[in-house]
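Step one of this worksheet: look at the structure below.
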Amino acid sequence: MAVTLGLNGASAVGALAQLPVEPRAYDAPSTASPPGIDGSLGDAAWRAAPWTESFIDIRGEGWPAPTWETRAKIVWDEGHLYIAAELEEPHLWATLADRDAILYREHDFEVFIDPDGDALDYYELEINALGTEFDLFLPRPYNRKGKANVGWDMAGLRTAVLLDGTLNDPSDEDRGWTVEIAIPWSALRPPKGGAAADDPRETDRYATAEEDRHEPGAGPRAGDEWRINFSRVQWPVEVVPGGYRRAQEPGPGDRHPEHNWVWSPQGEINMHIPEMWGIVRFTEGAER
């Protein structure tokens with residue numbers, strides 16, 4: 001059954017969407033003591049924040065449940081958005097070490113952010129178990145002729161990973177890895193001349209009024225809602241001398257041999273449907 005849902009940003013935007021599944025929601029508490037970005041999730045800020053629901057298949061309920069657990073947390077302050085993730089993983093594998101390498105060709109963790117919830121001008125960050133980062137900006141989704149700007153960078157981004165096991169070593173069984181991310185609000189600004197409003201299209205059906213658009217580089221206030229989602233790309237792997245590789249393709253008819261596990265289901269195998277992303281509500285927090 002479709003769910004009618006308003007697309008909300010810092011203020012409610014007018015358009016409604018008929019969505020195939022209901023996006024998940026998360027209350028992200030503010031923090032007075034930001035976490036240290038070292039991959040360890042023992043900080044007071046993280047103890048005060050709830051976990052998201054366990055990730056599920058990107059298509060939603062009724063599809064095979066993920067083999068291994070994935071969950072995330074969010075906290076925030078005046079300067080940054082902080083994200084933590086915990087990924088259960090018996091085979092820690094990552095070889096892509098160059099910044100802005102196409103990380104989803106191996107296992108990775110991904111973040112998608114649309115500040116004003118209009119399915120335009122959004123940001124993506126990927127990270128692997130080596131700590132390699134891949135960030136990009138899109139003025140609109142690919143299915144509306146959006147073109148990724150891979151040259152755009154999240155200025156001031158800080159990330160860390162912590163491995164519970166040994167990377168690229170099939171001789172033992174690993175337990176998993178954790179991710180910590182600090183994104184400055186000031187980094188969330190489209191490249192000059194590259195925003196959707198600089199090249200408006202008839203397909204921009206959820207576009208907010210100019211006065212309601214996210215102010216580039218500005219963070220939220222308590223009570224605001226943003227559209228955010230998390231994804232984990234997980235490939236079948238096989239052991240080869242010196243490590244792992246992607247398992248051989250199952251056949252030409254299977255175009256999606258990887259697993260896509262997400263926080264808020266998309267309804268199909270496509271992360272670039274921003275109107276399907278989860279709703280993150282920014283709240284006042286109380287640490288313990």
Next item on the list: Mind counting the residues in the stretch 180-239 that are among the acidic types (Asp, Glu), under 30 Å from Pro257 (Cβ atoms) and surrounded by 20 or more Cβ atoms within 10 Å (Cβ to Cβ)?
Entry: 1
Next item on the list: State whether one or more residues within the stretch 198-208 are of a type in the set (Gly, Ala, Ser) and at pLDDT below 90.
Entry: yes
Item checked: Residue among Thr203, Thr166 that alone is part of a loop (DSSP other than H, G, I, E, B) and farther than 30 Å from Gln234 by Cα -> Thr203
Margin query: Considering only residues that are among the small types (Gly, Ala, Ser) and in contact (Cβ under 8 Å) with a residue 40 or more places away in the chain, which ones fall in the stretch 60-110?
Written below: Gly60, Ala72, Gly79, Ala84, Ala85, Ala94
Checklist line | Where Gly151 falls short, out of the listed (1) under 19 Å from the mean Cα position of the chain (by Cα); (2) surrounded by 13 or more Cβ atoms within 10 Å (Cβ to Cβ); (3) on the phi < 0 side of the Ramachandran plot; (4) in a loop (DSSP other than H, G, I, E, B) | finding: (2)
Next item on the list: Looking at (1) in a strand (DSSP E or B); (2) under 17 Å from the mean Cα position of the chain (by Cα), find the lone condition where Gly60 falls short.
Entry: (1)
Notebook entry, point to check: Just one of Glu275, Glu249, Glu268, Glu173 is in contact with a strand residue (DSSP E or B) (Cβ under 6 Å, 6 or more places away or on another chain) and acidic (Asp, Glu); which is it?
Noted result: Glu275
Notebook entry, point to check: surrounded by 13 or more Cβ atoms within 10 Å (Cβ to Cβ), at pLDDT below 95, among the charged types (D, E, K, R) and assigned to a loop (DSSP other than H, G, I, E, B), is that true of Glu287?
Noted result: yes
Next item on the list: Kindly indicate whether Ile56 is modelled with pLDDT of 95 or more and over 27 Å from Asp153 (Cβ atoms).
Entry: yes
Next item on the list: Find all pairs meeting these conditions: Cβ atoms under 6 angstrom apart; at least six residues apart or on different chains; first residue within the stretch 27-54 and over 22 Å from Leu130 (Cα atoms); second residue assigned to a loop (DSSP other than H, G, I, E, B) and of a type in the set (Phe, Trp, Tyr).
Entry: Thr52/Trp263
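The values are calculated or read from the model by the stated rules, or taken from the named source; none is laboratory data. Computed from a prediction, not measured in an experiment: that's the story for all the values here. Because the Cβ atoms are built from the backbone with ideal geometry, glycine has one as well, and the counts that use them run over all protein chains shown.
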